[in-house]
Amino acid sequence: MRRLQRRLLHLVTVLFVVTFVTFALMNLLPGDVSLAILGNGATPEGVARVRMELGLNDPLLLRYVHWLVQTVHGDFGRSYISGEPVFDALVRSLPVSIELMVLSLLLALSLAVPTGLIAAYTAGRPVDRALGIVASVLLAVPVFILGLALMFVFALVLGWFPTVGYVPLSEGVLANLRTFAIPAVTLALVEWPGFMLILRSDAIEVLQQDYVLLAKAKGLRDRHVLFRHVFKLSAFTLLTVVGLTMAGLIRGALITENIFALPGVGRLIVGAINSRDFMVVQGAITVVAVGFVLINFAVDTLYTVLDPRVSQ
């Protein structure tokens, strides 16, 4: 319990640091949000008035404290450009990003678990070498190149899936999944090599344990040995990697959402940065940071359940 309390305090500190650094960096970017609001008809008097109304002339630390107090009370502020509450924009965008990341993670694990165990069981043989080559290629390919390649093949050439766009769940599950098919597969193929290689490494070590060798000697099927004995012990490291990989999924989602025109948080952030809509960027980054912190805290908590020695 004491360990989890220390971890929680550490994660809260991380949240403060991330939000402050983001706030500071956004204010160091070139350009003036007042000019974006006023457009081509901006005058020095108009710019001064808008900056005064938005409080942009106040010291950076004072503005951050004011924003932090508002956020703690559930008020993320309003968009400088559209006037829409930032909270409403996040509520609209978050389900898209969450669905993309969940589908990608499920696909990646569905591929990684069997291929990782097969690679470990056939270590050094042609199957293992072939999987290693595919993993190495995917690790070297940037996510946007892979996404564009999959789009070209499965959307433009074969016509199986739409090129870009988004269909909400309310308009049909199949139509919704079709819009997520290529983006989710893109992210899954980016994350699969890491999961597979980690599981392969741990599974090779577990396969040398005496009780596994005894299970084989008893004549148990290979599938039973791999999934009931080997995978159970090998999953601990994989769990760690899955928790840490969420940052990579968030980063990949930001790129993928813009490639496939998905109205998620990643696309919201990019659009807000381009228009100097600092309040939207700050709110979106805060939500992403909170999500990442909670995921890591959940992984730490699960450690104590899987292995009580961790809490000592």
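The values are calculated or read from the model by the stated rules, or taken from the named source; none is laboratory data. Because the structure is a prediction, the values reported are computed rather than measured. Methodologically, a virtual Cβ is constructed for each residue, glycine included, from the backbone with ideal geometry; neighbour enumeration extends over all protein chains shown. Note: areas computed on protein heavy atoms with side chains; ligands, DNA, RNA excluded. Shrake-Rupley method; radii C 1.70, N 1.55, O 1.52, S 1.80 Å.
Filtered by the rule that a residue be surrounded by 14 or more Cβ atoms within 10 Å (Cβ to Cβ) and basic (Lys, Arg), the range 46-75 gives Arg51, Arg63. The condition of being modelled with pLDDT under 85 and open to solvent by 70 Å² or more (accessible area, probe 1.4 Å) holds for only one of Arg92, Arg78, that being Arg78. In summary, Ala119 fulfils each of the numbered conditions (1) out of contact with any Leu (no Cβ under 6 Å at 6 or more places or on another chain); (2) farther than 17 Å from Arg267 by Cβ; (3) among the small types (Gly, Ala, Ser) with the single exception of condition (1).
Can Met246 be described as at pLDDT 80 or above, assigned to a helix (DSSP H, G or I), in contact with a Gly (Cβ under 9 Å, 6 or more places away or on another chain) and not aromatic (Phe, Trp, Tyr)? Judged against the criteria, Met246 is not a match.
Here is the figure for the range 66-93: residues that are among the small types (Gly, Ala, Ser) and out of contact with any helix residue (DSSP H, G or I) (no Cβ under 7 Å at 6 or more places or on another chain) total 3.
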